[in-house]
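Please read the structure below before turning to the comments.
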Amino acid sequence: MPARTLLHVGTVKGAYTFESDADRRAWTLLPPVLPEWEISTLLIDPDDPDRLMAGTAHYAYGATVRETRDAGETWTQTVLRSPEPPAEHPLKRVWQLVRGTAAGTFYAGVEEAALYLSADGGESWAEVEGLTRHPSRPHWMPGAGGLCLHSILVDPADSRRMWVGISAVGVFGTTDGGETWTAMNAGLPPMVTTGSPAEDAMFCIHRIVRDPANGRLFMQFHAHTMTPDGTRSSGVFRSDDEGASWQAIDEDLPRKFGFPMALSERSELFVAPLVGDDNRVFDEGRLTVWRSADDGESWSRLDVPSEGPVYSGILRDAMALDGAEPTGVYFGTTGGDVWASPDAGDSWRRLPARLPRILSVRAHTYA
Amino acid sequence: MARVTLEVPRLLRDSTDGRSSLDLEADRLDAVREAIRERWPVLATHVWAETGELRPHVLLLHNDRLTRGTDPREILLADGDRLAIVQAVSGG
C-alpha cells in the first residue's frame, strides 16, 4: 500500500482532513466531520489512520471528548468529569490531548486549568488532583484565551515524569506520576516583578515541546521585557536542565511573540512569531516561519509565499509536523488558510480550501 | 410517577444513541435531571452546568412553556407531558 499522509484541521466549526501521498504536494480535501462543533484540539493515532480523538465544544452545550475509529463515519463521546460534586473550576474546553507512555493511557489538558488522565483507552477520565491542589492554584491568572492547560509532555522513558504548561501560570513538572508538582519557571520574565503571592506561577507561556533525544525543553513564551529599562524582550526559551531553568534563544528573531512551536524527530525547531501582544498577526502581512537546526542557537527565516498580505494570526495548536523525511510542516491561520511544506519549510503551498478559524492542526505520514 | 417525553435536538443526538425523543418517568422537573444523569450522562453534561443549573444558552421547555426562572421542584409533571431541550437564540 502506498504511503499516505493525512492532515487534520480542527476549526471553530468542524474538522477537515486533507489527504496526500508520500510526496505531499497534491492534496485532496475530504468532507468535513462534526461540522457544528468547535474542534479545539486533535490527537491522531500513528498506527491507525482511521482513529482520531478530538476535544469538542459548543458555546451552548459545553465540552466533551469525541473519538472515531472509522475515519469520522461514527463517533463516540466521553465526558471528562461527572457533574457531581460541582467543581470549583468548571470545564470549559479541552485544549490538549496526548497519549501517555503506558499502553492505553491518555492525558487531557483543559480550561479551567486541570489535567485529566484516562487509563482505559479514553473510556473514562479522572482529574490529576495533585496539580489542581498545587498551593499556587488560588493565584493562577488566565491568559487572553482563558486559564488553559495547553501543553502536556510525557517522558517516553519514564511515565511518571511529566511537564505541563498553563497560561498565564507557567510550567509545572512532576516526577511521581502527578502526585506532586513543582513550578519550573526560573529564568522567565514574570508578568509583574513584585507583589504577587505566587511569584513562581505568573508566567504566560504559550507552548512547550521536548526533544526526547536529549531531554531539552523549548518554550514559546508570551514575550516580556527582560530588563528593568525595557531594552530587551524575549519570547523563545530553552531549558538544558529538564525545566529547572530557562534561557532566551531568540536573539536572531525580529519578533519574539508567538503561539505555536513544533519540534521534529531530527531536532528541527519551528516557530511562527507574530507582531506582538496587541496585534496578533504576521508582521507586515508576511507569513513567516523560522527554523532552527541547532537548538535555537541560530534561526533561518522561511518565507511563505502568499498572493498578497495576510493579516491573520496562528494559534498555539495550529502547527504540526508529519514525522516523514524530509519533515512536512503544516500550519493553519485564524483566517482559515492551511499551508503545507513537504521539505522542512523550504517551499510552501496553500491547500485548496478556505476554512473557518483554525484552532488545531495534526499530520502524519502512514507507511 | 408521570410518564413524559423529552425531545432532544439534532445536535445532541449522539449523546442519546441517535434517539430524538426519550421516555422518562418523573413527578417533578428536578427529577428529570436526575433521570437523565443516570441514563444519559453525556446528554446531562451538555444540558446542565456543573452547578446543577441549566447551561446559560440552553432552555428546557415544559409543554412549550419556558421553565427557566422557576424552581424545578415546583414544576409538577403529569402523564403525557412534553419536555424539550432547546438551544436559546443567543448566538450574538
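Under the classification rounded if a/c is under 1.5, otherwise prolate if a/b is larger than b/c and oblate if not, where does region A:135-174 fall, given a ≥ b ≥ c as square roots of the Cα gyration tensor eigenvalues? Taking the square roots of the gyration eigenvalues as a ≥ b ≥ c, region A:135-174 is oblate. Taking 7 Å steps out from each Cα toward its Cβ at residue B:2 and residue A:325 produces label points 7.0 nm apart.
Please say if region A:56-127 is rounded, prolate or oblate, where rounded means a/c under 1.5 for a ≥ b ≥ c the square roots of the C-alpha gyration tensor eigenvalues, and otherwise the choice is prolate for a/b larger than b/c and oblate otherwise? Since a/c reaches 1.5 but b/c is at least a/b, the shape of region A:56-127 is classed as oblate.
With both labels modelled 7 Å from their Cα along Cα-to-Cβ, the residue A:241 to residue B:13 distance reads 6.0 nm. Among B:46, B:36, B:24, flag the residue with its Cα farthest along the positive direction of the charge dipole of region B:3-87, charges on Cβ as +1 for Lys/Arg and -1 for Asp/Glu. So the residue we want is B:46.
Label point of residue B:25 set 7 angstrom out along Cα-Cβ; within region B:61-92, amide nitrogens under 16 Å from it belong to B:77-81.
Could you pull out which residues in region A:57-82 have an amide N less than 20 Å from a spot 7 Å beyond the Cα of residue A:129, following the Cα-Cβ vector? Correct set: A:79-82.
Evaluated with a Cβ-only charge set (Lys, Arg +1; Asp, Glu -1), region B:1-44 carries a dipole of roughly 120 debye about its Cα centre, given to the nearest 20. Here r is the Cβ-Cβ distance between residue B:61 and residue A:353 and R0 is 56 Å; the resulting FRET efficiency, rounded to 0.05, is 0.90.
Centroid-to-centroid, using Cα positions, region A:27-71 and region A:93-145 are 19 Å apart.
With the helix formula -39500 (n - 2.57) applied to DSSP H stretches of n ≥ 4, chain A reaches a computed 222 nm mean residue ellipticity of 0 deg cm²/dmol.
Peptides B:70-80, A:165-175, A:88-98, A:310-320, ordered by how many other C-beta atoms sit within 10 Å of their residues on average, highest first, read A:165-175, A:310-320, A:88-98, B:70-80.
Distance between the pseudo-spin-label points of residue A:139 and residue A:120 (7 Å out from Cα toward the beta carbon): 3.9 nm.
Short-range pairs are left out: with C-alpha atoms under 8 Å and at least six residues apart, the relative contact order of chain B is 37 percent.
Checking the a/c ratio against 1.5 first, then a/b against b/c, what shape does the Cα gyration tensor give for region A:60-205? Taking the square roots of the gyration eigenvalues as a ≥ b ≥ c, region A:60-205 is prolate. Of all the options A:333, A:105, A:11, the one that moves most in a Gaussian network model of chain A with Cα springs shorter than 10 angstrom is A:105. With a Förster radius of 30 Å applied to the C-beta separation of residue A:278 and residue A:157, the computed FRET efficiency comes to 0.15. Rounded to the nearest 20 debye, the dipole magnitude of region A:4-366 is 740 debye, with +1 charges on Lys and Arg beta carbons, -1 on Asp and Glu beta carbons, and the Cα centre as origin. Each Lys and Arg Cβ is given +1 and each Asp and Glu Cβ -1; about its Cα centre, region B:3-87 then shows a dipole of about 260 debye.
Stretching residue A:47 away from residue A:186 to a fully extended chain increases their span by 46.3 nm, per 0.36 nm per residue minus the current alpha-carbon distance.
Every number here is computed from the coordinates shown, using simple stated rules; none is lab data. This is a predicted model, so every value here is computed, not measured. As a convention, Cβ positions derive from the backbone with ideal geometry for all residues, glycine included, and neighbour counts pool all protein chains shown.
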